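**Q** Structure below; questions to follow.
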Amino acid sequence: AQRQLTHLAQLQHLESLEPIPLRPHLLAIYKESENRMKVLIFRASHTELPSGEKVLESVETTFEAVADRVRALLEALRDPARRTIRHSPAPAESLKVFEALEK
């Protein structure tokens, strides 16, 4: 991911040499790609951090937007090998919350 981030920066530099400015949708694509690479780098490196406070500090310094911070934390917590097994239906209190959120 770090190498791809470097390639993306090089591509952005080459695009900046063009006399015609980039279209807004291309800038958005570059920004989204950069954020995805940063999230992957963060996911790979978060296991090296000793505590939850250090993880949050790292997220705050790496990502500017709140949405990017949330995405990084969710990606770091995601475990593709994890299975969620539910043996009983959701409690009535939870169903009320879900119904309220639907409205």
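The values are calculated or read from the model by the stated rules, or taken from the named source; none is laboratory data. Nothing here was measured: the structure is a model prediction, and the numbers come from that model. Because the Cβ atoms are built from the backbone with ideal geometry, glycine has one as well, and the counts that use them run over all protein chains shown. Only protein heavy atoms, including side chains, enter the accessible area calculation; ligands, DNA and RNA are left aside. Shrake-Rupley method; radii C 1.70, N 1.55, O 1.52, S 1.80 Å.
**Q** Take the residues in region 30-52 that are in contact with a helix residue (DSSP H, G or I) (Cβ under 7 Å, 6 or more places away or on another chain), in a helix (DSSP H, G or I) and farther than 13 Å from LEU8 by Cβ; name whichever of them is most open to solvent (accessible area, probe 1.4 Å).
**A** Here the answer is ARG43.
**Q** Then there is this: Modelled with pLDDT of 90 or more and farther than 20 Å from ASP79 by Cβ: does that describe SER16?
**A** So SER16 does not fit the description; no.
**Q** May I ask you to list the residues in region 53-63 that are among the hydroxyl-bearing types (Ser, Thr, Tyr) and either surrounded by 10 or more Cβ atoms within 10 Å (Cβ to Cβ) or within 13 Å of the chain's Cα centre (by Cα) (or both)?
**A** Residues satisfying the conditions are SER58, THR62.
**Q** Which numbered condition in (1) open to solvent by less than 70 Å² (accessible area, probe 1.4 Å); (2) modelled with pLDDT of 80 or more is the only one that VAL66 fails?
**A** Tallying (1) open to solvent by less than 70 Å² (accessible area, probe 1.4 Å); (2) modelled with pLDDT of 80 or more, VAL66 fails exactly one: (1).
**Q** Next question, about the same structure. When both residues are 6+ apart or on different chains and their Cβ atoms are under 7 Å apart, which pairs have a first residue that lies in region 73-96 and is closer than 30 Å to PHE42 by Cβ and open to solvent by less than 100 Å² (accessible area, probe 1.4 Å), and a second that is modelled with pLDDT of 70 or more and outside any loop (DSSP other than H, G, I, E, B)?
**A** Here the result reads LEU73/VAL59; GLU75/VAL39; GLU75/ARG43; ALA76/PHE42; ALA76/ARG43; ALA76/HIS46, each pair linking region 73-96 to a residue that is modelled with pLDDT of 70 or more and outside any loop (DSSP other than H, G, I, E, B).
**Q** Right, here's the next one. Quick test of your reading of the structure: LEU22 fulfils all but one of (1) part of a helix (DSSP H, G or I); (2) surrounded by 10 or more Cβ atoms within 10 Å (Cβ to Cβ); (3) free of Cβ contacts under 8 Å to residues at least 40 places away in the same chain; (4) among the aliphatic types (A, V, I, L, M). Name the failing condition by number.
**A** That leaves (1) as the condition not met.
**Q** Here is a check on your reading of the model: is GLU15 surrounded by fewer than 15 Cβ atoms within 10 Å (Cβ to Cβ) and under 15 Å from the mean Cα position of the chain (by Cα)?
**A** No; evaluated as a whole, the condition is false for this residue.
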